[in-house]
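Okay, so here's the structure we're looking at.
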Amino acid sequence: MTAATATVSATAPAAPYHLLGQLPSALWRWAVVCSSGATERRLAELPRWRAALERGQLPPPELDWGDPDATQALRAVLGELTLTDLTHDHPAMAQQVLQSLLWHLDGLIDRPPDEPRAAAIGRQAEAFRESWQLQRQGWEEVMALTQTLGELAQLRWDELQGLLNRREWAEAQRIGQRLALMPELRRFIDGVGRRDPVPEAPAAARARPSARDDPSQRPDDDRRTPEPGQVDGVRRARVLARMAGAESVALTHPVLRRLWRARFAEGQLLCYDDRAPAPRAAPAPQDTPDSRDRPGPPRGRGPLIVCLDTSGSMRGAPEQVAKACVLQALRSAQTGRRDCRLLAFGGRGELLEQTLALTPDGLGSLLDLMGQNFDGGTDVQTPLERAVERVQQDGWRQADVLIVSDGEFGVTPATLDALRQAKQALGLRVHGILIGDRETIGLVEVCDHLHWVRDWRRHADGSGHTADGFSPVHSRSLTALYFPNAIRR
């Protein structure tokens, strides 16, 4: 028995259901029980449907499962509703769409005896359209808030609807709208994190040719010039074909021959200069305002630990900005596929630690935070000590810390020493977002990079100076200005 015969004999008893191995187990039941088309073609073509949806494309028309009338009718609805925008890079969402598609196609077998099949196909296509018009609206709301679906694509529609009906969902959407007005804040948070890709060379360095490519940077004898022209004086070189007659005389003298060899080695022979003029170098391109302001991809690649100040001094406009920071940290972490941990702190003993992720539990925790009112004292010791413990654990050694606060806190010498040791041993970096009018000694000594949200008042609910971005101080560095020796840089 040949190997090919043995393979056919092994798979023949299970054919065509051996093709199910190319599909996730959640699709097996739907793929098998569907009564539309030919089973063998349907099982063979479903993996290609799934792959096309995950690429954000409609499957080719020839993949009709053996029932072109019904399949193409529902395929047209997929394109009409642009469901491929939801399934792109979201395998769980592509699986949900396929399950719904198979379920509606299987309903054709239950049509009344007096109903034409074409009418039944139209009815099922309309039912599929109505179902996904409603679902798409809900998923679009999630995408607008989180920028990506993540594991939320695994939610059933009733579970998603329950989250969207929560009171905190409207608050989260309002925070997302505020975040759209803070592009500098978004860029700062996107840049938090280590394991950055290799940075690109500056524009001027990329435009400047190397010594190998630039003739002006090569040695004289290595330059590639055009054909020689008229003689334009003499120069020092070691080009024997252009050597002056006086140098040739030295070769016949028993003593001057040694001097000639030394001058030749040093490139100091007198040679006729008949080189063609070198072309003028093109000026290096200058960075335009558009190129400087064009945002790049998020630079942060390492895990992120967010220390959020929920004290009473953060109530009002600072609270709105702080919640926007948490939302952007979640977006950035999910886009870069990195872990994110939230340490929300208040007074002594008030520390809430949770994972920020696009999971059902993670979204529920985010909504809880969006609906929370900030109140209490300020104890930054506990979250910083917890952050130092976290970065020493496996999977978090490359993490950076982001502190979101109004700066109204101080740090004990013991905590500051522990933080400095972590910076030296693990390369830890601490980034700060100042939502206030001035920096403090504690904030400056802790943070390596500080971003000041000066216009935080504009995000308050109200009118007048509280809402138009008014700030009573001209600089955040008032402490350094009036007490120059208080802050150790």
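Given the criterion buried (at least 20 other Cβ atoms within 10 Å of the Cβ) and of a type in the set (Asp, Glu), identify the matching residue among GLU45, GLU62.
Answer to the check: GLU45.
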Item to check | Of all residues making up segment 98-107, the number that are touching a helix residue (DSSP H, G or I) at 6+ places or on another chain (Cβ under 6 Å) and free of Cβ contacts under 8 Å to residues at least 60 places away in the same chain | outcome: 3
Item to check | Pair list, Cβ < 8 Å and 6+ apart or interchain, from segment 160-176 residues that are more than 9 Å from MET370 (Cβ to Cβ) to residues that are aromatic (Phe, Trp, Tyr) | outcome: LEU160/TRP139; LEU163/TRP169
Item to check | Residue count, segment 73-120 (criterion: surrounded by fewer than 17 Cβ atoms within 10 Å (Cβ to Cβ), of a type in the set (Ser, Thr, Tyr) and part of a helix (DSSP H, G or I)) | outcome: 0
Checklist entry - Pairs under 6 Å by beta carbon, first residue over 18 Å from VAL97 (Cα atoms) in segment 113-129, partner not polar (S, T, N, Q), six or more apart or different chains? => result ALA120/LEU108; ALA120/ARG111
Next on the checklist: What's the total number of residues in segment 406-431 that are surrounded by 15 or more Cβ atoms within 10 Å (Cβ to Cβ) and outside any helix (DSSP H, G or I)?
Outcome noted: 10
Item to check | Close pairs from segment 233-260: first closer than 17 Å to ASP274 by Cα, partner surrounded by 12 or more Cβ atoms within 10 Å (Cβ to Cβ) and β-branched (Val, Ile, Thr), Cβ under 8 Å, at least 6 apart | outcome: ALA244/VAL234
Item to check | Among (1) within 19 Å of ASP406 (Cα to Cα); (2) more than 18 Å from the chain's Cα centre (by Cα); (3) not β-branched (Val, Ile, Thr) - the single one ALA329 does not satisfy | outcome: (2)
Checklist outcome for this item: How many residues of segment 331-379 are surrounded by 17 or more Cβ atoms within 10 Å (Cβ to Cβ), over 19 Å from LEU149 (Cβ atoms) and basic (Lys, Arg)? The answer is 1
Checklist entry - Of all residues in segment 351-371, which are assigned to a helix (DSSP H, G or I) and either within 20 Å of ARG390 (Cβ to Cβ) or touching a strand residue (DSSP E or B) at 6+ places or on another chain (Cβ under 8 Å) (or both)? => result ASP361, GLY362, SER365, LEU366, LEU369
Item to check | Failed item in (1) surrounded by 16 or more Cβ atoms within 10 Å (Cβ to Cβ); (2) touching a residue at least 24 places away in the same chain (Cβ under 8 Å), with SER35 passing the rest | outcome: (1)
Checklist entry - Are any of the residues in segment 439-450 part of a loop (DSSP other than H, G, I, E, B) and at pLDDT below 75? => result yes
Next on the checklist: Could you go through segment 266-287 and let me know if any residue there is at pLDDT 80 or above, part of a loop (DSSP other than H, G, I, E, B) and touching a Ser or Thr at 6+ places or on another chain (Cβ under 6 Å).
Outcome noted: no
Checklist entry - Condition test on VAL391, is it crowded, with 17+ Cβ neighbours inside 10 Å and under 27 Å from the mean Cα position of the chain (by Cα)? => result yes
Checklist entry - Has segment 315-330 got any residue that is over 20 Å from ARG174 (Cα atoms), outside any helix (DSSP H, G or I) and not polar (S, T, N, Q)? => result no
Checklist entry - Take the residues of segment 372-393 that are assigned to a loop (DSSP other than H, G, I, E, B) and small (Gly, Ala, Ser): which is nearest to THR415 (Cα to Cα)? => result GLY377
Next on the checklist: Going through ASP110, ASP67 one at a time, which residue ends up being closer than 18 Å to SER35 by Cα, of a type in the set (D, E, K, R) and touching a Gly at 6+ places or on another chain (Cβ under 8 Å)?
Outcome noted: ASP67
Checklist entry - Which is in the same structural domain as LEU23 (by TED's automatic domain parsing) and either at positive phi or in a helix (DSSP H, G or I) (or both), of LEU63, LEU58, LEU46? => result LEU46
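The values are calculated or read from the model by the stated rules, or taken from the named source; none is laboratory data. Only a predicted model underlies this, so the values are computations on that prediction, with no experimental measurement involved. Virtual Cβ from ideal backbone geometry, glycine too; neighbours counted across all protein chains shown.
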